1. Would you work out the charge dipole size for the chain about its Cα centre, treating the Cβ of every Lys and Arg as +1 and the Cβ of every Asp and Glu as -1, and quote it to the nearest 20 debye?
2. Under a GNM of the chain (C-alpha, springs under 10 Å), which listed residue has the highest mean-square fluctuation: D18, D72, D88?
3. State log₁₀ I(q)/I(0) for segment 2-103 at q = 0.10, 0.17, 0.20 Å⁻¹ as given by the Debye formula over alpha-carbon point scatterers of equal weight, solvent excluded.
4. Build a GNM of the chain with springs between Cα atoms under 10 Å: which of E77, E58, E13 gets the top mean-square fluctuation?
5. Based on other C-beta atoms within 10 Å, arrange F65, F97, F35 from fewest to most.
6. Counting other C-beta atoms within 10 Å, which of R43, R53 has the fewest, and how do the rest follow?
7. Sequence-distant or interchain residues sharing an amide H contact under 5 Å with Y14, placed H: which?
8. Using Cβ counts within 10 Å as a stand-in for footprinting exposure, how do L82, L59 rank, fewest first?
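What follows is calculated from the coordinates using simple rules that are stated; it is not laboratory data. Everything quoted here is computed from the prediction, not taken from an experiment. Please note: Cβ atoms are built from the backbone with ideal geometry, for glycine as well, and neighbour counts cover all protein chains shown.
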Amino acid sequence: MEFSINGINWTMEYADSDKDFLNDGDNTILGLTKFLEQTIYIRKRMSKELTRRTVIHELCHCFLFSLGFSMDCYTEETMCDLFGNYADHIVGLADGFEKEVIEC
C-alpha cells in the first residue's frame with residue numbers, strides 16, 4: 001500500500017516472520033517503520049486484531065516522523081494533539097491496508 005503524509009511518500013507491506021529485522025534476539029518485532037526507506041513492515045500471520053493494532057502503532061511513528069517531531073519532544077500534549085488532528089487519517093489508512101490485503 002502506498003500513501004503520502006506531509007509530502008513524504010510511504011509504503012506499507014507485509015513481511016515474513018523470518019526477516020532479520022523482525023527478530024532481535026529474544027524480542028519479537030510485530031511491525032517496523034524504516035524511516036530512511038519510508039517503508040512500514042508488518043509481520044505476516046498475526047491475528048486480525050493484533051495486525052490492526054500494529055498497523056495503527058506503526059502509522060503513528062510514520063506521522064510523527066513525517067510531521068517533523070523528534071523523539072526528544074514527545075509529551076502527553078504532543079500525543080493527544082497528534083491523535084486529535086490525525087486519528088481519522090490514521091484509522092482510514094489502517095482500514096485501507098486491511099481492505100487492500102483482503103482484496104489481494
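1. Values: 9 positive and 19 negative charges, 52 e Å.
Magnitude of the dipole: close to 260 debye.
2. With Cα springs under 10 Å in the chain, the top fluctuation among D18, D72, D88 is at D72.
3. The Cα Debye sum returns log10 ratios of -0.28, -0.80, -1.08.
4. Checking each option, the largest mean-square fluctuation is seen for E77.
5. Numbers: F65 18, F97 23, F35 13.
Ordered by Cβ neighbours within 10 Å, fewest first: F35, F65, F97.
6. Result, fewest neighbours first: R53, R43.
7. I42
8. Numbers: L82 17, L59 25.
By the 10 Å Cβ count, ascending, the order reads L82, L59.
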